[in-house]
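Trainee: Below is one structure. I have some questions about it.
Each reported figure results from applying straightforward, stated rules to the coordinates on display, with no laboratory input. The structure presented is a predicted model; accordingly, all values stated were derived computationally and were not measured. Note that each Cβ is placed from the backbone with ideal geometry, even for glycine, and that neighbours are counted across all protein chains shown.
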Amino acid sequence: MLPKAPSGIDGLDEITEGGLPKGRPTLICGSAGCGKTLMGIEFLVRGALAYHEPGVLMAFEETSEELAANVASLGFDLPALQAQKLLRVDHVHVDRSEIEETGEYDMEGLFIRLGYAIDSIGAKRVVLDTIESLFSGFSNQAILRSEIRRLFRWLKDKGVTTIITAERGDGSLTRQGLEEYVSDCVILLDNRVIDQITTRRLRIVKYRGSTHGTNEYPYLISEDGISVLPVTSLRLEHKVSDQIVSTGISALDEMFGRRGFYQGSSVLLTGTAGTAKTTLAAAFAQEVCQAGGRCLYFAFEESPHQLIRNMLSVNIDLEAHVREGNLMIEASRPTLNGLERHLVTIHKLVRDFQPTAVVIDPISNLISVGNVNEVRSMLTRLIDFLKVSNITGLFTSLISGSMQMDTTEEGVSSLVDTWISVRDLEGVGERNRGLSILKSRGMAHSNQVREFIITDKGIELLDVVVGPTGIITGASRLVRQLQEQAQEVSARQELARKDRELERRRRVLEATIANLRTEFESVEEEFRQLNNEEHDRQKGQVMDRVKAARAFSPSDTSTPNNQQPNS
Amino acid sequence: MEVDENPPFGEKEYLLHLYIAGATPNSTKAVRNIKEICELYLEGRHELLIIDIYQQPELAQGEQLIGIPTLIKKRPGLIRRLVGDLSDRPRVLAALGLPATPPR
């Protein structure tokens, strides 16, 4: 493993996987205004302060005083470092008009000066800014070139980590072809203007003996020095959380298998204009704060006050959380800064504020700042950064009406874990809002499109009403509900009518039964009467016959027998 | 500064500092050349100081030394720096403000 000297510059050590090659020269080239000198100075200052490696700055273009004044605004106190013997600045004054060449010479003077400066403070780092100036002072190029080659060799032998800055040339990395001599590490800085927005970019052209990030990385010069993005790890190795955070709307929670988002996941909320993306985002922010978390809210469309006022109208009180310090609303116009400046601002605020959730509303506005690829790469970095920090990220994105789902302009959909889509459900003469979950990594989710309404109590998700042609919303839903009610009433009435009918039938039947019974009773009565009469009559006949028998003969036993054939 | 006809008391008209680096060929050549020029053109009018920067490296920064050998003409007139082994005599003489032929 090649030993490396950490530069201490934000992000650069990540891309170079540890820093610049230790004890070897590194060439930093770029056109005017790229921050070559600044990068060199920051390398020395950070080295001195953070890694206790004193450094020598050999400045060919600016004097010690000028340099100190230039970087004072970044908080680098060069005179103090010089006093502490952590830094030595040697201004090399090169002026053609003062130099008369009278024969053979070499650059031993430079070697001696540098050697003396290094030895006097035990320097481990050297910056030569910009050694090409020598070419303007001396006419003998052959000598210069061989001497520069010797200088780099000599620096290597001395074991100091060196940065050599050089101006970008036409068609080559440096005007004087210095890259020929410095072959260990070459970093190219670039400053380009696209659509009136300046973007600074850094690329490692070569790094002998080490792997490195090969992309162009945006960097910027902020009030803290140079920041190269990404300032995150470049690998997908972050730990994940198993905790769940609520979406802030209980009905929406229920649409997720685990009732919310995973902590540290990223959520994309897409929708056309006026589909309450901000309201949903604000509801989430409120929920985070109520659950004891901290939320950082980037508003790219509204000022904090406007946001607070508007959200209060739907019963989302953000101001209380702002006052408690759990919520921070950072509002700015996207066009105010370049993309990477936004990213750095976000990074910086996230570091300072330590939120558990970040809301960016909306990310689609950033498109106006850069092209799609840039925005995408920026968002990739941002999402990675948030994930690595285990911060839940919620991004809203405006999609144009014509562009349908699946292609969000930034193409971030593949980066995010959860994707909620809100859209207009346009029916007859009205628009309604529908919400659905397109994806949710790592948990089951509802497949329904839910209509939701925004009331002065907040967001409410309505129950699903399925009609013959699909889901029914808005007025149709009301009509449907009325219809259902009417149907229900009539069904109830029908039932009651049937009950009554039955009752009537029963009564009729019972009446008939009673009638029959009465009839039967009267018939029975009649029969009984006849029967009795017959009985009585028969009895009477017998009696009469007995009486008669008694009158004709005293022996009456044979009488009935005799009488029988006659009767 | 005009050419000073009356140098300060006890000082010569010409003050020359020659910075060399040890005994490198360029340095020895330069020493030889400047001594010859001084004998020919500045007999008794000059003060020549030869400094080996290996011995006094701390001087290198103050004197803004880059190329070695360097001859610095401190007096008279403007300070001039002559880089090289001083073998290009016409240029040396011109830079020192001396006539092209020896005064004899």
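Trainee: Using +1 at the C-beta of Lys and Arg and -1 at the C-beta of Asp and Glu, which of A:THR174, A:ASN191, A:THR214 has the Cα lying farthest in the positive direction of the dipole of region A:145-281?
Mentor: It is A:THR174.
Trainee: If you don't mind, there's one more thing I want to ask. For each pair in B:LYS29/B:LYS73; A:LYS36/A:LYS348; A:LYS239/A:LYS348; A:LYS4/A:LYS85; A:LYS124/A:LYS387; A:LYS158/B:LYS74, compute the distance between the two Cα atoms and list the pairs where it is over 30 Å.
Mentor: Checking Cα-Cα distances, A:LYS124/A:LYS387; A:LYS158/B:LYS74 exceed 30 Å.
Trainee: Give me the Kirkwood hydrodynamic radius of region A:496-550, using the inverse of the mean 1/r over all pairs of distinct Cα atoms, in Å to one decimal.
Mentor: Its Kirkwood hydrodynamic radius stands at 14.8 Å.
Trainee: What is the magnitude of the charge dipole of region B:14-96 about its Cα centre, with +1 placed on the Cβ of each Lys and Arg, -1 on the Cβ of each Asp and Glu, and no other charges, expressed in debye to the nearest 20? Can you show the working numbers first?
Mentor: On the way: 11 positive and 9 negative charges, 58 e Å.
Here the size comes out at about 280 debye.
Trainee: Of A:GLY137, A:ALA276, A:GLN493, which is farthest on the positive side of the dipole of chain A, counting Cα position, with +1 on Lys and Arg Cβ, -1 on Asp and Glu Cβ, and the Cα centre as origin?
Mentor: Farthest towards the positive pole: A:GLN493.
Trainee: Report, to the nearest 10°, how far helix A:108-121 tilts away from the longest principal axis of the Cα atoms in chain A, using its own Cα long axis and a range of 0 to 90°.
Mentor: So the helix axis and the longest Cα principal axis differ by about 60 degrees.
Trainee: Report the convex hull volume per residue for region A:244-464, counting only C-alpha atoms, in Å³.
Mentor: 116
Trainee: Measuring from label point to label point, each 7 Å out along Cα→Cβ, what is the A:ASN315 to A:GLN448 span in nm?
Mentor: For the pair A:ASN315/A:GLN448, the computed spacing is 2.0 nm.
Trainee: Just how many % of Cα pairs in region A:93-203 lie over 19 Å apart, if you round to the nearest whole percent?
Mentor: 53
Trainee: Determine the gain in length on full extension of the stretch A:SER250-A:GLU17; use 0.36 nm per residue of separation and subtract their C-alpha separation, reporting nm with one decimal. Please report the intermediate quantities before stating the final value.
Mentor: Numbers: separation 233, 0.36 × 233 = 83.88 nm, distance 4.50 nm.
The span from A:SER250 to A:GLU17 would gain 79.4 nm if fully extended.
Trainee: Any idea how far apart A:TYR51 and A:ALA496 come out in nm if each label point goes 7 Å out from Cα toward Cβ?
Mentor: Modelled inter-label distance: 9.0 nm.
Trainee: In vacuo Debye scattering of region A:4-228, one point per C-alpha: log10 I(q)/I(0) at q = 0.10, 0.14 Å⁻¹?
Mentor: -0.42, -0.85
Trainee: Setting aside same-chain residues fewer than 8 positions from A:LYS547, which lysines have a Cα under 30 Å from its Cα?
Mentor: A:LYS539
Trainee: When the helix-only estimate is applied to chain A (DSSP H runs of n ≥ 4, each -39,500 (n - 2.57), divided by the residue count), what is the mean residue ellipticity at 222 nm, nearest 500 deg cm²/dmol?
Mentor: Details: 15 runs with 222 residues, N = 567.
Taken over chain A, the calculation gives -13000 deg cm²/dmol.
Trainee: Round to the nearest 10 and give me the degree value, 0 to 90, for the angle of helix A:277-290's Cα axis relative to the longest principal axis of chain A.
Mentor: That helix lies at roughly 90 degrees to the long axis.
Trainee: Also: How large is Rg over Rh for region A:170-290, taking Rg from the Cα atoms and Rh as the Kirkwood inverse mean of 1/r across Cα pairs?
Mentor: 1.18
Trainee: Given the options B:GLY84, A:MET443, A:PHE527, identify the residue whose Cα lies farthest towards the positive end of the charge dipole of the protein assembly as shown (+1 on Cβ of Lys, Arg; -1 on Cβ of Asp, Glu).
Mentor: Positive-end residue among those listed: A:PHE527.
Trainee: What's log10 of I(q)/I(0) for the protein assembly as shown at q = 0.06, 0.07, 0.09 Å⁻¹, Debye sum over Cα points only, no solvent?
Mentor: Those come out to -0.58, -0.69, -0.89, one per q.
Trainee: Ok, one more. Please check which bits of region A:158-199 a label hung off A:ARG149 would reach, taking the label as a point 7 Å along Cα-to-C-beta and the cut-off as backbone N under 15 Å.
Mentor: Within reach of a label on A:ARG149, which here means backbone N under 15 Å from a point 7 Å along Cα→Cβ, region A:158-199 contributes A:177-183.
Trainee: Most fluctuating residue of B:TYR19, B:TYR54, B:TYR41 in a GNM of chain B with Cα springs under 10 Å: which is it?
Mentor: Judging by the Gaussian network model, the answer is B:TYR54.
Trainee: Straight-line reach from A:LYS277: which lysines have a Cα under 21 Å away, not including same-chain ones fewer than 8 places off?
Mentor: Filter leaves A:LYS439, A:LYS457.
Trainee: With label points built 7 Å along Cα→Cβ from the Cα atoms of A:VAL523 and A:ALA511, find their separation and express it in nm.
Mentor: Those two pseudo-labels are separated by 2.2 nm.
Trainee: What relative contact order, as a whole-number percentage, does chain A give when Cα pairs under 8 Å and 6 or more residues apart are counted?
Mentor: Here the relative contact order equals 12 percent.
Trainee: Another question about this same structure. Using only the alpha-carbon atoms of region A:41-119, report the extent along each of the three principal axes, biggest first, to the nearest angstrom.
Mentor: 46, 26, 18
Trainee: Continuing with the same structure: Might you report the magnitude of the Cβ-based charge dipole of region A:61-124 about its Cα centre, with Lys and Arg at +1 and Asp and Glu at -1, to the nearest 20 debye? Mind dumping the intermediate values first?
Mentor: Details: 5 positive and 14 negative charges, 116 e Å.
Rounded to the nearest 20 debye, it is 560 debye.
Trainee: With only Lys, Arg, Asp and Glu charged, each at its Cβ (+1 for the first two, -1 for the last two), find how big the charge dipole of the protein assembly as shown is about the Cα centre; round to the nearest 20 debye.
Mentor: Numbers: 77 positive and 92 negative charges, 278 e Å.
Dipole about the Cα centre, nearest 20: 1340 debye.
Trainee: As I understand it, the value is the acute angle between the Cα axis of helix B:25-41 and the longest principal axis of the Cα atoms of chain B; what does it come to in degrees, rounded to 10?
Mentor: 10
Trainee: Looking at chain B, what % of its DSSP beta bridges pair antiparallel, to the nearest 5?
Mentor: Of all bridge pairs located within chain B, approximately 55 percent are antiparallel.
Trainee: Please report, in cubic angstrom per residue, the volume enclosed by the convex hull of the alpha-carbon atoms of region B:30-104.
Mentor: 93
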